[in-house]
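Worksheet: one structure, shown below.
Here, each number is a calculation from the coordinates, and none is a lab measurement. Just so it is clear, the model here is predicted, and its values are computed rather than measured. Note that each Cβ is placed from the backbone with ideal geometry, even for glycine, and that neighbours are counted across all protein chains shown.
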Ligand SMILES: Cc1ncc(COP(=O)(O)O)c(C=O)c1O
């Protein structure tokens, strides 16, 4: 079997949740974002761990993910953040998930099917306070609320919005969005009273202590132990849940002037030792790490030599004593005192830690461990 493994530490996930709860305070409930296969960490094991550790709500992007959670036995409320399409309405009603709502036609369809089945489907209104992505415009909210409340078979369970720059501390656009959301919430409460859930805080907002007084936070990346912005790394009391490791499958010593990999972009300057690892861009290890990434072997950083191939990458281990076939290689995570974070990889290839985790996590066999044993508050 190929020796590549993405290791998911569920103990760390629990610790991160505990840390989030500490930050959020006792009056803020947690809606855990487990969409996109829990950012590459595996939706079902992550949801199981979080549910048993006491979260209040699960959030996914699309209905299919919600159905998978239900099939696995999750009883918690599940928010479908993209809402549902008209052909998905029967399954949404049947599975008792909570679609985000921002289109009247879908609300009517949910109402029709729910009423036919003598059911009441919970919904949450998504209001667009400045992302220009999904949601009811604030100026249309009052009319929308009025229409929704006239429909049978659906129950307005909450209202939420999403912040565009919460990863930048004290950004005036966040102030503006929160102000608009506050007004939307006041309208909502005029119609619905104080029942239901209200939430806007993603990881950035949670860390920056913004939007928590609405009573619920909606973190994703912090659960997985990564900071919502590169420059926040120093403040981290969170531990990355994901690591990625492989093994050396060939090693050779070559003379000066030897080219390595496609395109001959790397040439040894002296007698060098080159190790080959069975990891490539097909495994989520970006080709942009060609001559640009580091990996850890024997607790030391060594550079990627030449281009990352589809299934293989070479690293220059010259000067690292005794590297042999079968030795562990860490591409993401810690070895000895060294650590390579998703933030480091992201900075090297011009993206964000979110994408690094999603891509590596989904492209490899995942192994689940629990470093902390049972962690209780
Ligand atoms: C609507 C919504 N809420 C919450 C989140 C979680 O964001 P973060 O991972 O930054 O906490 C996301 C993530 O993309 C999202 O799209």
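Details
- Cα gyration tensor shape for region 242-340, rounded if a/c is under 1.5, else prolate or oblate: oblate
- Each label was represented as a point 7 Å from its Cα along the Cα-to-Cβ direction; for residue 250 and residue 169 these points are 5.0 nm apart.
- Peptides 253-259, 355-361, 81-87, 221-227 ordered by average Cβ neighbours within 10 Å, highest first: 221-227, 355-361, 81-87, 253-259
- Taken along the Cα-to-beta-carbon direction at a fixed 7 Å, the label points for residue 150 and residue 176 span 3.4 nm.
- GNM top mover of 190, 108, 70 - the chain, alpha-carbon springs below 10 Å: 190
- FRET efficiency for residue 56 and residue 338, using Cβ-Cβ distance with R0 set to 35 Å, rounded to 0.05: 0.40
- Net lengthening on full extension, residue 118/residue 139 (0.36 nm per residue, minus Cα-Cα): 4.3 nm
- FRET efficiency for the pair residue 301 and residue 367, taken as 1/(1 + (r/R0)^6) with r the Cβ-Cβ distance and R0 = 30 Å, rounds to 0.80.
- Remark: the Cα gyration tensor places region 10-225 in the oblate category, a/c being 1.5 or greater and a/b not exceeding b/c.
- Cα gyration tensor category, rounded, prolate or oblate, for region 1-111 with a/c compared to 1.5: oblate
- For the chain, built as a Gaussian network whose Cα springs stay under 10 Å, the top-fluctuating residue of 208, 135, 25: 25
- Estimated at 0.36 nm per residue, the fully extended path between residue 27 and residue 132 surpasses their Cα-Cα distance by 34.8 nm.
- Packing-based exposure ordering (other Cβ within 10 Å, fewest first) of 214, 238: 214, 238
- Most mobile listed residue (342, 166, 91) in the chain, GNM with C-alpha springs under 10 Å: 91
- Projecting label points 7 angstrom from Cα along Cα→Cβ for residue 347 and residue 259 puts them 3.3 nm apart.
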